[in-house]
Amino acid sequence: MKIAVVGTGYVGLVAGACFAESGNDVICIDKDAAKVETLNAGDMPIYEPGLEEIVRRNRQEGRLSFTTDLPAAVREAAIAFIAVGTPQGEDGSADLSHVLSVAREIARAMNGYKVIVDKSTVPVGTSRKVADVIRSETSHPFSVVSNPEFLKQGAAIEDFMKPDRVVIGAEDEQARRIMLDLYEPFTRTGAPIMVMDCASAELAKYAANAMLATRISFMNEVANVCELVGADVDQVRKAVGSDRRIGTSFLFPGVGYGGSCFPKDVKAMMHFASEKNYEFKILEAVESVNACQKTRLFAKMQQQFGDMKGRTVAVWGLAFKPKTDDMREAPSIPLITALLEAGATVQAYDPEATRVAKGIFGDRITYTQNNYDALKGADCLAIVTEWNEFRRPDFPRMKSLMREPIVFDGRNLFTPEQMKQHGFRYHSIGRE
Ligand code: NAD
């Protein structure tokens, strides 16, 4: 099949590469000329494990190309995916301006029947808005499909190639058939392709992200209570998660959720519910718990040191989660901002996000080449992102580099016993 994918971000680039990998001819379009140039030079604009190899292979084999020329790409394609950002608007709603402007551009370029697929996360009713925009621009026949994406950054290729399920909102038979055909190679292992109405498909994505965010905030509150009553949240988490009705994933307490999706999707869901005069009370709590959780590591430091002025703090991890360079809404940002405002010096290390962090903090913090360099002369270490390489450090080396052996672990990478043995003062989440 000939496919155009508009938007070469985390979703569009991965989707385009994976559709090419299954034998389709894919043209990826972005309005960001620098990004397209980077991709055409064989470089990656983002870090995502396995992506570079799959892009290289499919470019070499002529199935994948990149352009800024949307009309030319759309004319070639039978299916056009919209995978552009839907950032949070000022009132918390999803900003659909990029989606609708791409829909208009696609419509103007149409030269026959096309399936226009919305892959961006969009509120219920957007497929209708997209159809209205297209209808206002062209008399060519078309179908609009809602196909929300459930991939996780850091495991995006794996998730796309072997999805738990594929959700397709399609309301006519022709589009349904085309989409089933397109996704058939990705569901050989039996994952279901769920075909439904567009409204349900659109809502399913928000409900899934809101549920995951709820689990995180719930466990963060459990952890906070553990600290007050002298329980160990790791023991509690294991006991709770072994109940098959609950399951073990997404029960890890920490420093709050971040990223480009959960915060904005929780807000957008509350917003479109409120437009129907429905107050989504659980999500209000999920959000406020998350905001508090992002301040906890700093509060623990203040408790330990009193004043942070003049202190040097090592930070391990800047990305909002491991295996990505994405720092959108990362918990490291409010922590480092609070430290700088309090007059502390920050020495940070992240395996992939340094370039992105420089765009946020500039030279207000020091970026080190490895995690040990960040510890030199530090009064304490804050662990913010659970990169695998932080899990088994050389503790004596850490201790010898630090001015004081104090660790604030926002991801519970170590056990209190282990840290005591190594002579650290150790503060973690839900275990004090
Ligand atoms: P992103 O910000 O990484 O990428 C969006 C891309 O679209 C950018 O490269 C931008 O230049 C391009 N773009 C914007 N307007 C354009 C236009 N008019 N023409 C051409 N290109 C244009 O975004 P993302 O993280 O890939 O997310 C895209 C959508 O997918 C969002 O709705 C998001 O909520 C959803 N989503 C994201 C993830 C994730 O993990 N990032 C997972 C599932 C769903």
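Put a plus charge on the Cβ of each Lys and Arg, a minus charge on the Cβ of each Asp and Glu, and nothing anywhere else: the dipole of region 205-292 about its Cα centre is then about 360 debye.
Going by a ≥ b ≥ c, the root eigenvalues of the Cα gyration tensor, does region 33-129 fall in the rounded group (a/c under 1.5), the prolate group (a/b larger than b/c) or the oblate group? Mind dumping the intermediate values first?
Working: a/c = 2.20, a/b = 1.34, b/c = 1.64.
Oblate is the answer for region 33-129, as a/c is 1.5 or above yet b/c matches or exceeds a/b.
Here the dipole of the chain is about 660 debye; that uses its Cα centre as origin and unit charges on the Cβ of Lys and Arg (positive) and Asp and Glu (negative).
For the chain, DSSP calls about 5 percent of its internal beta bridges antiparallel. Here region 294-427 is assigned +1 on the Cβ of each Lys and Arg and -1 on the Cβ of each Asp and Glu. Its dipole about the Cα centre then comes out at about 200 debye. Placing a pseudo-label 7 Å from each Cα along the Cα-to-Cβ vector at Glu61 and Asn388 gives an inter-label distance of 2.6 nm. For Lys420 and Ile246, the FRET efficiency from 1/(1 + (r/R0)^6), where r spans their Cβ atoms and R0 equals 41 Å, is about 0.85.
Roughly how many Å² is the accessible area per residue of region 205-292, as a whole number, for a 1.4 Å probe? Walk me through the numbers on the way to the answer.
Details: 4580 Å² over 88 residues.
Heavy-atom accessible area per residue stands at 52 Å².
Think of region 2-196 as having a plus end and a minus end, set by charges on the Cβ of Lys, Arg, Asp and Glu; of Ile3, Ser120, Ile178, Ile178 sits farthest toward the positive end of this dipole.
Placing unit charges on each Cβ (+1 for Lys and Arg, -1 for Asp and Glu) gives region 344-403 a dipole about its Cα centre, and among Thr354, Met398, Tyr367 the Cα reaching farthest toward its positive end belongs to Met398.
The GluC sites (Glu not before Pro) of region 267-309 that meet both conditions, a loop assignment by DSSP and at most 13 other Cβ atoms within 10 Å of the site Cβ, are Glu275, Glu279.
If Lys and Arg each add +1 and Asp and Glu each add -1, what is the summed charge of the other residues whose beta carbon sits under 12 Å from the beta carbon of Thr68? Can you show the working numbers first?
Numbers: positive: Lys31, Lys35; negative: Asp30, Asp32, Glu37, Asp69, Glu105.
Neighbour charge sum, excluding Thr68 itself: -3.
The distance linking region 167-213 with region 295-330 is 39 Å (Cα centroid to Cα centroid, whole angstrom).
Name the residue from Gln303, Gly317, Asn290 whose Cα lies farthest towards the positive end of the charge dipole of region 286-339, charges +1 on Cβ of Lys and Arg and -1 on Cβ of Asp and Glu. So the residue furthest toward the plus end is Gln303.
What the phi angles of region 231-244 give under the Karplus curve with 6.51, -1.76 and 1.60, with θ = phi - 60°, is a coupling list of 9, 10, 4, 5, 5, 4, 4, 5, 5, 5, x, 6, 6, 5 Hz, glycine and proline written as x.
Rounded to whole Å, give me the distance from the Cα center of region 358-432 to that of region 46-118. The two parts, judged by their Cα centres, are 41 Å apart. Using a Gaussian network model of the chain in which every pair of alpha carbons under 10 angstrom is joined by a spring, one finds that among Ser65, Ser139, Ser93 the greatest mean-square fluctuation is at Ser139.
Quick one: if you stick a label point 7 Å off each Cα along the C-beta vector at Cys292 and Asp69, how many nm between them? So the two model labels end up 5.7 nm from each other. Among the GluC sites (Glu not before Pro) within region 76-117, those in coil by DSSP and having at most 10 neighbouring Cβ atoms inside 10 Å are Glu90. Applying 1/(1 + (r/R0)^6) with r as the Cβ-Cβ distance of Gln369 and Ser400 and R0 = 22 angstrom yields a FRET efficiency of 0.75. Each residue of region 76-91 is assigned a 3J(HN,Hα), and the resulting list reads 6, 8, 8, 10, 10, 8, 9, 10, 8, x, 10, x, 6, x, 4, 8 Hz, derived from the Karplus form 6.51 cos²θ - 1.76 cosθ + 1.60 (θ = phi - 60°), x at Gly and Pro.
The alpha-carbon of Lys238 sits under 20 angstrom from the alpha-carbons of these aspartates and glutamates, leaving out residues fewer than 8 places away in its chain: Glu221, Glu227, Glu386, Asp409, Glu417, Glu432.
Normalised per residue, the accessible area of region 327-432 is 44 Å², obtained with a 1.4 Å probe and no contribution from ligands, DNA or RNA. Site pair Asp181 and Lys358 shows an inter-label distance of 4.8 nm when each label is modelled 7 Å from Cα along Cα→Cβ.
By its C-alpha gyration tensor, with a ≥ b ≥ c as the square roots of the eigenvalues, how is the chain shaped: rounded for a/c under 1.5, else prolate for a/b larger than b/c, else oblate? Numbers along the way, then the final one.
Working: a/c = 2.16, a/b = 1.76, b/c = 1.23.
Since a/c reaches 1.5 and a/b is larger than b/c, the shape of the chain is classed as prolate.
Element breakdown for the chain at a 1.4 angstrom probe: carbon and sulfur atoms account for 50% of the accessible area. For region 1-112, the antiparallel share of DSSP beta bridges with both residues in that region comes to about 5%. Considering the zone a paramagnetic label at Arg135 would reach in this model (a point 7 Å from Cα along the Cα-to-Cβ line), which residues of region 168-185 have amide N under 18 Å from it? In region 168-185, the label zone of Arg135 (backbone N under 18 Å from the point 7 Å along Cα→Cβ) covers 170-175.
The values are calculated or read from the model by the stated rules, or taken from the named source; none is laboratory data. It should be emphasised that the depicted structure is a prediction, and the values quoted were computed from it without experimental measurement. Quick reminder, even Gly has a Cβ in these numbers, built from the backbone with ideal geometry, and neighbours come from all protein chains shown. Protein only, heavy atoms only, side chains kept; ligands, DNA and RNA dropped before computing areas. Shrake-Rupley method; radii C 1.70, N 1.55, O 1.52, S 1.80 Å.
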